[in-house]
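The structure appears right after this line, and notes come after that.
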Amino acid sequence: MMDTIREPARDLPVIEQADVVVAGGGPGGFAAAVASARNGANTVLLERHGYLGGMATAGLVAPILGVHSSKGKAVIVEGILKELTERMQEIDGAPPWNEIEEGKPLRFDPEALKRAAEDLVQEAGATLYYHTFVTDTVVEDNRIQALITESKSGRQAVSGSVVIDATGDADVAFRAGVHCEKGRSFDGAVQSLGSFFHVFGIPEYDEKLYEKIRETVKQGMEEKKLFGYNPGITSSTKYHGNMFSPNMTRAAGDSTNVKDLTRAEITLRKQAWDLVEYIKKEVPGCENCYIELTSPQAAPRESRQVMGDYVITGEDIQKGRKFDDGIARGSWWIDIHCPLGHTFPVHLCVKECPRGDECPFWAAEHDTGMIAREDLYPPEEDWYDIPFRSITPKGISNLLISGRCISATHEAMAGTRVMGTCMAIGQAAGTAAALAAGSDTDPKDLDTGMLREKLASQGALV
């Protein structure tokens, strides 16, 4: 029995020895922990915040995207996502599932998601540690022997037969020595960060007022008095009727760089406050609007991508490609938010960018490397598969990847990064980890046909 992990300075206490250890409690993490525990594995989930949900809660990213087929209404993700939605609906935090089946968007209350995700994890029997940050790994013979953590309890270690990296930034894989890539091939720049915020006090729907707000904000952006990538404060995604949750702010930066992350937090918060103060002064009827909440954390869209046994490409998304070892479905498109952080009228990194040759990437790659807006999407009413090989990294035999940091190119991850897809990947990763731990085999040696059958039998769509 392993009681301590050797470190140059001291011995570390092993607080848990599990079959499966999941690092990160976002959509790709808590779903993995639930699936792993339900499939019989002694499972530990480590989360750095005091709640689950990742960007769904810490980032206030209120819509779950990737639930339906491309530009369609057919549901392509069920399983744990459906259970989560039903739990949120029971506490008035999400619409009934039958409305999702009719093609309506899956909007939700982040507070309800915190509660529902926590209940699912606890009921599954996984052991949960909050306020626990994974800082390093112990690797021997191409296997992760333990994760090193920091918390109020100090530096400790957690060991597991199989490890799932659901950190979003591939922190575990990177620290274990797995090759990762980052950003676009031209300059390594990643998609810009963003934030949601909650605004109250805007009057109930009035078409003329809402158009006035939009035009006023647009003018402020054109005059460089306001900064954001769109003026749509009243076309935001909201669940409760008296609150708006705009998705407007933007800041360039790399979420694995603490200086960039700090600068982004400050920039995004200022953009939100400037916006609300502006409409209070400039739009009659909005004098009483106010910010109730800014997101506790800036929302990264992209950072490290683990290089695995298969790298998903933009072409895979465009063609709606299917794979024999497909373990999840995705439908979101090549949605690349300007990596340079340019604001209105710039939205996407596409051939039609309004800045044109003012952007060095546009000038260098326009004819060969950039995608036209009409070519960003999978086939209509279709989807693409996430192959199992894209969650099995090269170099470490007992590691699986879940969430937005799976093996994908810059273009492909712009589609696979959304929460509906991440939850489907998480359920597959957790199920695979439990099967591997239970049979004392490496995850990449699993029979993917058996894995697909298991997922289908447990409500996942594969």
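Figures for the structure shown
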{"item": "The range 119-177 - residue that is over 22 Å from GLY395 (Cα atoms) and of a type in the set (Lys, Arg) and, of those, surrounded by the most Cβ atoms within 10 Å (Cβ to Cβ)", "result": "ARG155"}
{"item": "Exclusive hit being in the same structural domain as CYS289 (by TED's automatic domain parsing) and farther than 15 Å from ILE291 by Cβ, set ASP254, ASP274", "result": "ASP254"}
{"item": "Residues located in the range 365-397, provided they are of a type outside the set (D, E, K, R), within 20 Å of CYS422 (Cα to Cα) and in contact with a helix residue (DSSP H, G or I) (Cβ under 9 Å, 6 or more places away or on another chain)", "result": "LEU376, TYR377, PRO378, TYR384, ILE386, PRO387, PHE388, SER390, ILE391, THR392, PRO393"}
{"item": "Members of the range 238-260 found to be on the phi < 0 side of the Ramachandran plot, touching an Asp or Glu at 6+ places or on another chain (Cβ under 9 Å) and either assigned to a loop (DSSP other than H, G, I, E, B) or free of Cβ contacts under 8 Å to residues at least 60 places away in the same chain (or both), listed by number", "result": "TYR239, HIS240, GLY241, ASN242, MET243, ALA252, ASP254, SER255, THR256, ASP260"}
{"item": "Hits in the range 334-349 (condition: surrounded by fewer than 21 Cβ atoms within 10 Å (Cβ to Cβ) and either in the same structural domain as GLU222 (by TED's automatic domain parsing) or not in a loop (DSSP other than H, G, I, E, B) (or both))", "result": "LEU348"}
{"item": "Qualifying residue in the range 423-435 (condition: part of a helix (DSSP H, G or I), on the phi < 0 side of the Ramachandran plot, without any contact (Cβ under 8 Å) to a residue 40 or more places away in the chain and over 23 Å from the mean Cα position of the chain (by Cα))", "result": "no"}
{"item": "Filter result for LYS182 (surrounded by 17 or more Cβ atoms within 10 Å (Cβ to Cβ) and modelled with pLDDT of 95 or more)", "result": "yes"}
{"item": "Hits in the range 263-315 - residues which are surrounded by 18 or more Cβ atoms within 10 Å (Cβ to Cβ), assigned to a helix (DSSP H, G or I) and either aliphatic (A, V, I, L, M) or out of contact with any Ser or Thr (no Cβ under 9 Å at 6 or more places or on another chain) (or both)", "result": "ALA264, LEU268, ALA272, LEU275, VAL276, ILE279"}
{"item": "Some residue of the range 361-371 being assigned to a loop (DSSP other than H, G, I, E, B) and within 21 Å of the chain's Cα centre (by Cα)", "result": "no"}
{"item": "Selected residue (only one of ALA62, ALA33, ALA56 is among the hydrophobic types (A, V, I, L, M, F, W, C) and at pLDDT below 95)", "result": "ALA62"}
{"item": "Failed item, numbered, when ALA412 is tested on (1) part of a loop (DSSP other than H, G, I, E, B); (2) within 20 Å of the chain's Cα centre (by Cα); (3) of a type in the set (Gly, Ala, Ser)", "result": "(1)"}
{"item": "Test for ALA456: is it crowded, with 24+ Cβ neighbours inside 10 Å and either within 20 Å of the chain's Cα centre (by Cα) or at pLDDT 95 or above (or both)", "result": "no"}
{"item": "Test: residue in the range 77-99 that is part of a strand (DSSP E or B), in contact (Cβ under 8 Å) with a residue 12 or more places away in the chain, of a type in the set (A, V, I, L, M, F, W, C) and under 13 Å from GLY420 (Cβ atoms)", "result": "no"}
{"item": "Single residue of the range 100-110 satisfying the filter (of a type outside the set (Gly, Ala, Ser) and assigned to a loop (DSSP other than H, G, I, E, B)) that is farthest from the chain's Cα centre (by Cα)", "result": "GLU102"}
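The values are calculated or read from the model by the stated rules, or taken from the named source; none is laboratory data. Not measured: the values here are computed from a predicted model. Positions of Cβ are generated from backbone atoms using ideal geometry, with glycine treated the same way; all protein chains shown enter the neighbour counts.
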